[in-house]
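Engineer: There's a structure below that I have some questions on.
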Amino acid sequence: MAVQALPRARVLYVEDDAEIAVMTSDVLDEVYDVVHVVGGRDALARALAERFDVMVIDRRLPDLDGIALVEAVRTAHITTPILLLTALGAVADRVEGLDAGANDYLVKPFDFDELLARLRALVRGHRLDGRRRSLGEWVFLPDASAAYGPGGERVALTPTETRLLALLSESPDHVFSREEILRAVFDSDDALSSVDTYVHYVRRKTSPDTIETVRGVGYRAAAAR
C-alpha cells in the first residue's frame with residue numbers, strides 16, 4: 001500500500017514589491033503551498049475566508065499596512081502564526097509589530113535559510129498546540145481525525161468532517177458564515193447546503209451542541225466545558 005504524503009503547509013504571503021515577491025515565492029514554493037497577495041485588504045479577506053498554517057506579512061503595504069493587517073487578523077480571533085517582514089530595524093518598530101500580534105519578525109534584507117528556519121519553528125509550534133482542541137464536552141484531535149467524548153468514547157471523522165472542525169476550532173470565538181465554511185472546507189463545485197449537511201453529520205457523531213448555530217450568521221465551535 002502506498003504511503004500518502006502529508007499535505008504541505010499553506011502560507012499566506014503578503015508583499016507588494018514584485019521583485020522581492022517573485023524571489024521569495026519561488027523559495028517558499030519548494031516547501032509550502034503559497035498564496036501570494038499584494039495588498040493588505042485583499043490579504044485580510046483571504047485570511048478571514050481561508051485556513052493557513054502561517055502568514056508572512058510585509059510591514060509596508062498599500063491600502064492597509066502590515067501592522068493594521070496583523071491587528072485585524074488578531075481581532076478576528078485568528079491564531080495562525082505571523083512572521084512580520086520589515087525594513088525598519090529599530091527596537092521600537094519590532095516591538096510595535098510584536099505588540100500588534102505578530103509572533104516573530106525578520107528585518108530586510110534577510111537570508112532565505114533563516115526565513116525558512118523561522119517558518120518551520122512557527123508551523124511546528126502551531127501544529128503542536130493544535131493537536132488537542134476542546135469542543136464543548138468533546139476533545140477533537142485534528143491529526144488523528146477523531147473526537148473523544150466525555151465518557152472516553154472515540155468517534156472517527158471523515159476528511160471533510162475533520163477539516164470542518166479544524167476550521168471552527170482554530171478560531172473558536174469567530175462565527176463562520178456558511179459561505180466562509182464552503183470556501184475553506186469544500187470543493188468549489190459543492191453546494192452551500194453541503195455545509196449544513198456536514199454540520200449535521202458531526203453533531204450526529206458527537207453531540208448536538210458540539211457546533212453551535214448563531215441564528216442568521218452561521219456556525220462556531222462550542223465553548224469548552
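The values are calculated or read from the model by the stated rules, or taken from the named source; none is laboratory data. Source: prediction; values computed, not measured. Quick reminder, even Gly has a Cβ in these numbers, built from the backbone with ideal geometry, and neighbours come from all protein chains shown.
Engineer: Go through region 30-73 residue by residue and tally those that are under 13 Å from the mean Cα position of the chain (by Cα) and among the basic types (Lys, Arg).
Structural biologist: Result for region 30-73: 2.
Engineer: Out of the residues in region 35-58 meeting the condition of being at pLDDT below 95, touching a Ser or Thr at 6+ places or on another chain (Cβ under 9 Å) and among the hydrophobic types (A, V, I, L, M, F, W, C), tell me which one is farthest from GLY218 (Cα to Cα).
Structural biologist: Residue satisfying both the conditions and the ranking: VAL54.
Engineer: Residues that are touching a residue at least 24 places away in the same chain (Cβ under 8 Å), of a type in the set (D, E, K, R) and touching a Ser or Thr at 6+ places or on another chain (Cβ under 8 Å): does region 132-148 have at least one? Even if it seems obvious, please write down each step before you answer.
Structural biologist: Of region 132-148, the ones touching a residue at least 24 places away in the same chain (Cβ under 8 Å) are 133-138, 140, 142, 147.
Checking the rest, the ones that are also of a type in the set (D, E, K, R) come to 133, 137.
Filter once more, so that each one left must be touching a Ser or Thr at 6+ places or on another chain (Cβ under 8 Å): 133, 137.
Yes, region 132-148 contains at least one residue that is touching a residue at least 24 places away in the same chain (Cβ under 8 Å), of a type in the set (D, E, K, R) and touching a Ser or Thr at 6+ places or on another chain (Cβ under 8 Å).
Engineer: Now a separate question. Every residue in region 85-105 that is of a type in the set (Gly, Ala, Ser) and either over 19 Å from TYR13 (Cα atoms) or under 20 Å from the mean Cα position of the chain (by Cα) (or both), please.
Structural biologist: Hits for region 85-105 are GLY89, ALA90, ALA92, GLY97, ALA100, GLY101, ALA102.
Engineer: Right, next: For residues in region 63-116 being among the charged types (D, E, K, R) and closer than 22 Å to SER169 by Cα, which is modelled with the highest pLDDT?
Structural biologist: GLU71
Engineer: While we're here: Being modelled with pLDDT of 80 or more and among the charged types (D, E, K, R) is the filter here; which residues of region 127-158 pass it?
Structural biologist: If the condition is that a residue be modelled with pLDDT of 80 or more and among the charged types (D, E, K, R), then ARG133, GLU137, GLU153, ARG154 are the ones that fit.
Engineer: With the condition kept exactly as written, say whether any residue in region 178-201 is surrounded by fewer than 17 Cβ atoms within 10 Å (Cβ to Cβ), modelled with pLDDT under 95 and touching a strand residue (DSSP E or B) at 6+ places or on another chain (Cβ under 6 Å).
Structural biologist: Yes, that holds for at least one residue.
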